[in-house]
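Worksheet for the structure shown next.
The values are calculated or read from the model by the stated rules, or taken from the named source; none is laboratory data. Model, not experiment: these values are computed from the prediction. Note that each Cβ is placed from the backbone with ideal geometry, even for glycine, and that neighbours are counted across all protein chains shown. Each accessible area value is taken on the protein alone, full model and side chains, heavy atoms only, with ligands, DNA and RNA left out. Shrake-Rupley method; radii C 1.70, N 1.55, O 1.52, S 1.80 Å.
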Amino acid sequence: MLIGFMGSGKSSVARVLAAKTGLAHVDTDDMVVRQAGMSIPDIFAKEGEAGFRDREHDVLKTLIAMEPCVISSGGGVVVREENRILLRQLGTVVYLEVTAKEALARIGHNEERPLLRGSVSPQQLLDRRQDWYEGVADVSINTSSQSISQIASDIYRRLRELQVI
Ligand code: S3P
(Lines give C-alpha, C1' and ligand atoms only; values in the text may rest on other atoms or scores of the structure.)
Protein backbone atom coordinates (compact mmCIF):
# COMPACT_ATOMS: atom_id res chain seq x y z
CA MET A 1 0.00 0.00 0.00
CA LEU A 2 1.46 3.35 -1.07
CA ILE A 3 0.51 6.44 0.90
CA GLY A 4 1.64 10.06 0.67
CA PHE A 5 0.59 13.56 -0.19
CA MET A 6 -1.05 14.52 -3.49
CA GLY A 7 1.66 14.65 -6.13
CA SER A 8 4.00 12.26 -4.32
CA GLY A 9 3.73 9.86 -7.27
CA LYS A 10 1.70 7.07 -5.64
CA SER A 11 -0.30 5.96 -8.69
CA SER A 12 2.57 6.13 -11.19
CA VAL A 13 4.97 4.36 -8.85
CA ALA A 14 2.36 1.71 -8.03
CA ARG A 15 1.93 0.92 -11.74
CA VAL A 16 5.69 0.39 -12.17
CA LEU A 17 5.95 -1.59 -8.95
CA ALA A 18 3.06 -3.83 -10.00
CA ALA A 19 4.78 -4.54 -13.32
CA LYS A 20 8.06 -5.31 -11.52
CA THR A 21 6.44 -7.69 -9.01
CA GLY A 22 3.79 -9.21 -11.28
CA LEU A 23 1.12 -8.17 -8.78
CA ALA A 24 -2.13 -6.45 -9.74
CA HIS A 25 -2.45 -2.70 -9.17
CA VAL A 26 -5.52 -1.12 -7.63
CA ASP A 27 -6.06 2.56 -6.93
CA THR A 28 -8.50 3.63 -4.21
CA ASP A 29 -9.44 6.89 -5.99
CA ASP A 30 -10.27 4.95 -9.18
CA MET A 31 -12.39 2.52 -7.16
CA VAL A 32 -14.26 5.36 -5.45
CA VAL A 33 -14.95 7.02 -8.81
CA ARG A 34 -16.12 3.76 -10.36
CA GLN A 35 -18.41 2.89 -7.48
CA ALA A 36 -19.85 6.40 -7.21
CA GLY A 37 -20.25 6.82 -10.97
CA MET A 38 -18.98 10.38 -10.46
CA SER A 39 -15.65 12.20 -10.69
CA ILE A 40 -13.85 13.23 -7.49
CA PRO A 41 -14.71 16.93 -7.94
CA ASP A 42 -18.38 15.94 -8.41
CA ILE A 43 -18.36 13.80 -5.25
CA PHE A 44 -16.87 16.71 -3.26
CA ALA A 45 -19.40 19.11 -4.76
CA LYS A 46 -22.43 16.89 -4.11
CA GLU A 47 -21.47 15.10 -0.89
CA GLY A 48 -18.69 17.21 0.59
CA GLU A 49 -15.36 15.90 1.80
CA ALA A 50 -17.19 13.75 4.39
CA GLY A 51 -19.06 11.92 1.61
CA PHE A 52 -15.82 11.28 -0.23
CA ARG A 53 -14.15 10.00 2.96
CA ASP A 54 -17.07 7.62 3.62
CA ARG A 55 -16.69 6.20 0.13
CA GLU A 56 -12.92 5.95 0.53
CA HIS A 57 -13.38 4.05 3.80
CA ASP A 58 -15.84 1.61 2.20
CA VAL A 59 -13.32 0.91 -0.57
CA LEU A 60 -10.54 0.22 1.96
CA LYS A 61 -12.76 -2.28 3.73
CA THR A 62 -13.32 -4.21 0.51
CA LEU A 63 -9.55 -4.38 -0.10
CA ILE A 64 -9.01 -6.41 3.06
CA ALA A 65 -10.45 -9.45 1.28
CA MET A 66 -8.30 -9.05 -1.85
CA GLU A 67 -5.34 -11.09 -3.01
CA PRO A 68 -1.94 -9.48 -2.46
CA CYS A 69 -1.64 -6.48 -4.75
CA VAL A 70 -0.05 -3.05 -5.04
CA ILE A 71 -2.48 -0.40 -3.79
CA SER A 72 -2.18 3.32 -4.41
CA SER A 73 -4.33 5.50 -2.19
CA GLY A 74 -5.66 9.04 -2.13
CA GLY A 75 -3.50 11.52 -0.20
CA GLY A 76 -6.10 11.97 2.53
CA VAL A 77 -6.57 8.29 3.34
CA VAL A 78 -4.77 8.76 6.66
CA VAL A 79 -7.07 11.51 7.92
CA ARG A 80 -9.54 9.12 9.54
CA GLU A 81 -8.34 6.98 12.41
CA GLU A 82 -10.47 4.04 11.28
CA ASN A 83 -8.57 4.14 7.98
CA ARG A 84 -5.20 4.21 9.70
CA ILE A 85 -6.21 1.03 11.53
CA LEU A 86 -7.27 -0.59 8.24
CA LEU A 87 -4.03 0.46 6.51
CA ARG A 88 -2.00 -1.45 9.09
CA GLN A 89 -4.14 -4.54 8.44
CA LEU A 90 -3.78 -4.24 4.68
CA GLY A 91 -0.08 -5.13 4.69
CA THR A 92 3.14 -3.23 4.23
CA VAL A 93 2.61 0.53 4.10
CA VAL A 94 5.10 2.57 2.07
CA TYR A 95 5.14 6.33 2.59
CA LEU A 96 6.31 8.44 -0.36
CA GLU A 97 7.72 11.61 1.17
CA VAL A 98 7.48 14.83 -0.79
CA THR A 99 7.60 18.52 0.14
CA ALA A 100 4.48 20.62 -0.48
CA LYS A 101 6.51 22.73 -2.92
CA GLU A 102 7.65 19.75 -4.95
CA ALA A 103 4.18 18.19 -4.89
CA LEU A 104 2.65 21.35 -6.32
CA ALA A 105 5.33 21.57 -8.99
CA ARG A 106 4.57 17.96 -10.01
CA ILE A 107 0.81 18.42 -10.02
CA GLY A 108 0.80 21.77 -11.83
CA HIS A 109 -2.58 23.26 -12.48
CA ASN A 110 -5.08 20.49 -11.90
CA GLU A 111 -8.83 20.77 -11.45
CA GLU A 112 -9.15 17.17 -10.29
CA ARG A 113 -8.08 17.89 -6.70
CA PRO A 114 -10.79 19.84 -4.86
CA LEU A 115 -8.72 20.23 -1.69
CA LEU A 116 -6.16 22.33 -3.55
CA ARG A 117 -8.89 24.88 -4.17
CA GLY A 118 -9.87 25.13 -0.49
CA SER A 119 -8.85 27.64 2.16
CA VAL A 120 -6.13 25.44 3.68
CA SER A 121 -2.74 25.71 1.97
CA PRO A 122 -0.97 22.56 0.74
CA GLN A 123 1.77 23.19 3.32
CA GLN A 124 -0.81 23.32 6.13
CA LEU A 125 -2.50 20.16 4.84
CA LEU A 126 0.83 18.34 4.72
CA ASP A 127 1.80 19.58 8.20
CA ARG A 128 -1.48 18.26 9.57
CA ARG A 129 -0.99 14.86 7.99
CA GLN A 130 2.75 14.32 8.37
CA ASP A 131 2.56 12.47 11.71
CA TRP A 132 -0.23 10.24 10.44
CA TYR A 133 1.72 9.27 7.34
CA GLU A 134 4.82 8.52 9.40
CA GLY A 135 2.81 6.75 12.09
CA VAL A 136 1.31 4.12 9.78
CA ALA A 137 4.33 3.65 7.48
CA ASP A 138 6.51 0.54 7.61
CA VAL A 139 8.87 2.06 5.05
CA SER A 140 9.47 5.72 4.16
CA ILE A 141 10.95 6.70 0.81
CA ASN A 142 12.39 10.12 0.04
CA THR A 143 11.11 10.93 -3.45
CA SER A 144 12.92 14.26 -3.76
CA SER A 145 14.49 14.66 -7.23
CA GLN A 146 13.86 10.98 -7.99
CA SER A 147 12.23 9.62 -11.13
CA ILE A 148 9.21 7.32 -10.92
CA SER A 149 11.34 4.32 -11.92
CA GLN A 150 14.02 5.18 -9.33
CA ILE A 151 11.38 5.41 -6.62
CA ALA A 152 9.85 2.08 -7.70
CA SER A 153 13.28 0.41 -7.68
CA ASP A 154 14.02 1.81 -4.24
CA ILE A 155 10.73 0.42 -2.88
CA TYR A 156 11.31 -2.92 -4.60
CA ARG A 157 14.73 -3.21 -2.94
CA ARG A 158 13.37 -2.29 0.49
CA LEU A 159 10.49 -4.79 0.19
CA ARG A 160 12.95 -7.52 -0.82
CA GLU A 161 15.07 -6.71 2.21
CA LEU A 162 11.98 -6.99 4.40
CA GLN A 163 11.12 -10.27 2.62
CA VAL A 164 7.66 -8.93 1.76
CA ILE A 165 8.15 -9.86 -1.91
C1 S3P B 1 -7.00 13.89 -1.64
C2 S3P B 1 -6.13 13.40 -2.58
C3 S3P B 1 -6.57 12.90 -3.89
C4 S3P B 1 -8.04 12.45 -3.83
C5 S3P B 1 -8.90 13.53 -3.27
C6 S3P B 1 -8.49 13.92 -1.84
C7 S3P B 1 -6.45 14.40 -0.36
O8 S3P B 1 -5.76 11.80 -4.31
O9 S3P B 1 -8.17 11.29 -3.06
O10 S3P B 1 -8.84 14.64 -4.12
O11 S3P B 1 -7.24 14.56 0.60
O12 S3P B 1 -5.21 14.61 -0.27
P13 S3P B 1 -4.21 11.97 -4.81
O14 S3P B 1 -3.34 11.92 -3.59
O15 S3P B 1 -4.00 10.79 -5.69
O16 S3P B 1 -4.12 13.27 -5.53
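Structure summary
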| quantity | calculated |
| --- | --- |
| Spin-label pair ASN142/SER121, simplified geometry with 7 Å Cα→Cβ offset, distance in nm | 2.4 |
| The chain: proportion of alpha-carbon pairs further apart than 29 angstrom, % | 12 |
| Solvent exposure of region 2-161 as accessible area per residue, Å², 1.4 Å probe | 50 |
| Rounded, prolate or oblate (a/c below 1.5 giving rounded, otherwise prolate when a/b exceeds b/c) for region 47-127 by Cα gyration tensor | prolate |
| With 5 Å bins from 0: P(r) over region 96-165, alpha-carbon pairs, percent | 3, 14, 20, 21, 19, 13, 7, 3, 0 |
| Share of carbon and sulfur in the accessible heavy-atom surface of the chain [1.4 Å probe, %] | 48 |
| R0 of 41 Å, Cβ-Cβ distance ASP54-ARG160: FRET efficiency to nearest 0.05 | 0.65 |
| Residue-averaged 222 nm ellipticity for the chain, from DSSP H runs of 4+ at -39500 (n - 2.57), nearest 500 | -17500 deg cm²/dmol |
